[in-house]
2 protein chains.
Amino acid sequence: MQRYFIPAEGWQDQYVTISGDDAHHIIRVMRYQKDDQIICNHPDTNAAICRITEIEDGVVYLVIEKWLDENVELPVQVTIAQGLPKGDKLDLVLQKGTELGAYGFIPFKADRSVVKWDNKKEKKKQERFTKIVKEASEQSHRNRIPVVYNPMNLTELIEESAHYSVKIFAYEEEAKVSEYLSFSKIVSQLSKKDRVLVCIGPEGGFSLDEVEKLKTHGFMAVRLGPRILRTETAPLYVLASISYHTEELGC
Amino acid sequence: MQRYFIPAEGWQDQYVTISGDDAHHIIRVMRYQKDDQIICNHPDTNAAICRITEIEDGVVYLVIEKWLDENVELPVQVTIAQGLPKGDKLDLVLQKGTELGAYGFIPFKADRSVVKWDNKKEKKKQERFTKIVKEASEQSHRNRIPVVYNPMNLTELIEESAHYSVKIFAYEEEAKVSEYLSFSKIVSQLSKKDRVLVCIGPEGGFSLDEVEKLKTHGFMAVRLGPRILRTETAPLYVLASISYHTEELGC
């Protein structure tokens, strides 16, 4: 069944009202009609099977038929701070990362990010990002849509990191040479209260200054397998591994 | 250090000769000169640091300086049979799957594959696929380049599957309702001799006929976490999980 995330103002008692892009999708793309069913997600993470009672002037009216008792969110909150990569790789990280259960995404303006963030285009970019994570949440049948933060520089990221209980960064050089907690050890010790922040460098990796500052502020260096992953593949490895460990391996 | 996979005929005693696209890349893109070092991989999976001794007429001559003792291949051989997806998603699976350690890829002509394989364009496609996995192997510093098979239909895939010791397919409906070995249970039991074949449906999933035939021929249904993954994300989840379990968790 098709799923839509409906803003809080669309919900009244046992009724749901959908307008805008979602209504367009329901009417024009899916060609749903009176009595067809869809799943509507409330921003509070609850979801219900709803039946269309009327379609008028591009607005869809529904009645709630059955609240669903399902939760497919990752047991731990994992936020990906992604060093701004080239081209449309951030789009890929947002889409695949959402499917894999990320709680949020922070675009990180890293020293070696080749792409400079254009503040003029920020609003349009944020709109595109919001659309990508909403659609990926609907398609993967998640209970909530991940947050996409405004881009942060290192100082802002470190300030933000105070809100997280576990902080790691992908840096296999460090992981090779010095004492470190392995990635699997960190994942094994995660509990449901944990908020995990994962920092991934851009194509050129982290600068030495960034490495020092991340370490000073409690970020642990990890390697993600023995092969060198591209910047956009690393967050997917992290999320898939945490899902595998907490949701499939049952630890 | 930049890495290149050099065909067997390029190796003689302690010398390596590189021509063609790789020579072009060395001379024109990387602008290497006499005395610069690169890593050359032999098709037998060994690799050596080599020093450029001469560049002449678009051919690069090198001397082997040091054989490397490194192996970053996944401990088990995992081949992905990917239901032919739309657009350039197969390219994504090949590139990311190579980084994540896949042993091989079989494009699978599934009942619900919207894209029909065009035999006329097959040679060009195979050339592109070969280029993608070679470049991804070089970038991720693998010891070998994954095989990309010619596309197979279900009958051919089942015939091929006789060469594998563990066969799974991603099918969360089946995994929900009936007795099944969980994905993590299967991964936990893998040993180094195992050859694993993982079958992934296209966008529309497997047909009931395919499900029946796969089950009859020993393929086990697994779910890959509780969220619905897109066809191109599923193989990455499988490979990352197997890498995590066998290379990071150390089981």
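Annotations for the structure displayed:
- Kirkwood hydrodynamic radius of the range A:1-57, from the reciprocal of the average inverse Cα-Cα distance over all distinct pairs: 11.5 Å.
- Peptide A:140-146 shows a mean partner chain C-beta count of 2 within 10 Å per residue C-beta.
- P(r) for the range B:103-206, from all Cα pairs and a bin width of 5 Å, is 2, 10, 16, 18, 21, 18, 9, 5, 1 %, short bins first.
- Ordering of A:217-227, B:44-54 by packing is A:217-227, B:44-54, highest average first (other Cβ atoms within 10 Å, averaged per residue).
- Size of electric dipole in the protein assembly as shown: Cβ of Lys, Arg +1 and of Asp, Glu -1, about Cα centre, debye, nearest 20: 320 debye
- Using only side-chain charges placed at the Cβ, +1 for Lys and Arg and -1 for Asp and Glu, the dipole size of the range B:42-187 relative to its Cα centre rounds to 560 debye.
- Given A:K131/B:K167; A:K167/B:K167; B:K192/B:K213; B:K131/B:K193; A:K123/B:K89; B:K66/B:K131, the pairs whose alpha carbons are separated by over 31 Å: A:K131/B:K167; A:K167/B:K167
- Overall dimensions of the protein assembly as shown by Cα: Rg and Dmax, Å: 24.2, 80
- In the assembly of identical copies, B:L181 has its label point, taken 7 Å from Cα in the direction of the beta carbon, separated from the corresponding points by 3.4 nm (ascending, one decimal).
- Using 0.36 nm per residue and subtracting the Cα-Cα separation, the extra length available between B:H163 and B:T45 on full extension is 40.3 nm.
- Ordering B:V196, B:V133, B:F183 by the projection of their Cα atoms onto the charge dipole of the range B:106-242, which places +1 on the Cβ of Lys and Arg and -1 on the Cβ of Asp and Glu, puts B:V133 at the extreme positive end.
- Residue exposure sequence - A:Y4, B:Y61 - by fewest surrounding Cβ within 10 Å: B:Y61, A:Y4
- Average beta-carbon neighbours from other chains, 10 Å sphere, peptide A:93-101: 4
- Rounded FRET efficiency, nearest 0.05, which uses the C-beta distance separating A:D91 from A:M30 and R0 of 30 Å: 0.80
- Charge-dipole axis of the protein assembly as shown as Lys and Arg at +1 and Asp and Glu at -1 on Cβ define it, positive-most pick from A:Y15, B:M152, B:V29: B:V29
- Theoretical gain in end-to-end length, A:K116 to A:T155 [0.36 nm per residue, Cα-Cα removed]: 12.4 nm
- Residue mean of other protein chain beta carbons inside 10 Å, B:230-236: 4
- Approximating the spin labels as points 7 Å out from Cα along Cα→Cβ, the B:E212-to-B:I64 distance works out to 5.6 nm.
- In degrees, nearest ten, helix B:234-243 long axis to first principal axis of chain B (Cα): 70 degrees
- Rounded to 5, percent antiparallel among DSSP beta bridges of chain B: 45 percent
- The calculated FRET efficiency for the pair B:K123 and A:E73, based on their C-beta separation and a Förster distance of 45 Å, comes to about 0.45.
- Each peptide in B:204-212, A:231-239 was scored by the mean count of other Cβ atoms within 10 Å over its residues; highest first, the order is A:231-239, B:204-212.
- Karplus-based coupling profile of the range A:11-19, in residue order and whole Hz: 10, 9, 6, 9, 10, 10, 10, 10, 10, with θ = phi - 60° in 6.51 cos²θ - 1.76 cosθ + 1.60 and x standing for Gly or Pro.
- Evaluated with a Cβ-only charge set (Lys, Arg +1; Asp, Glu -1), the range A:3-68 carries a dipole of roughly 280 debye about its Cα centre, given to the nearest 20.
- The trypsin sites (Lys or Arg not before Pro) of the range B:95-185 meeting both criteria, a DSSP state outside H, G, I, E and B (loop) and at most 11 other C-beta atoms within 10 angstrom of the site's C-beta, are B:K116.
- Ordering B:A48, B:S243, B:N71 by the projection of their Cα atoms onto the charge dipole of chain B, which places +1 on the Cβ of Lys and Arg and -1 on the Cβ of Asp and Glu, puts B:S243 at the extreme positive end.
- Mean-position separation - Cα centroids, the range B:179-201 and the range A:224-251, in angstrom: 17 Å
- The range B:113-127 and the range B:1-61: distance between their alpha carbon centers, rounded to Å: 32 Å
- The mean of 1/r over all pairs of different alpha-carbon atoms in chain A, once inverted, gives a Kirkwood hydrodynamic radius of 19.6 Å.
Quick note: the coordinates plus some simple rules give every number you see, no bench work behind them. Since we're looking at a predicted model, the values are computed, not measured. When we count neighbours, we look across all protein chains shown, and the Cβ atoms used for this are built from the backbone with ideal geometry, even at glycine.
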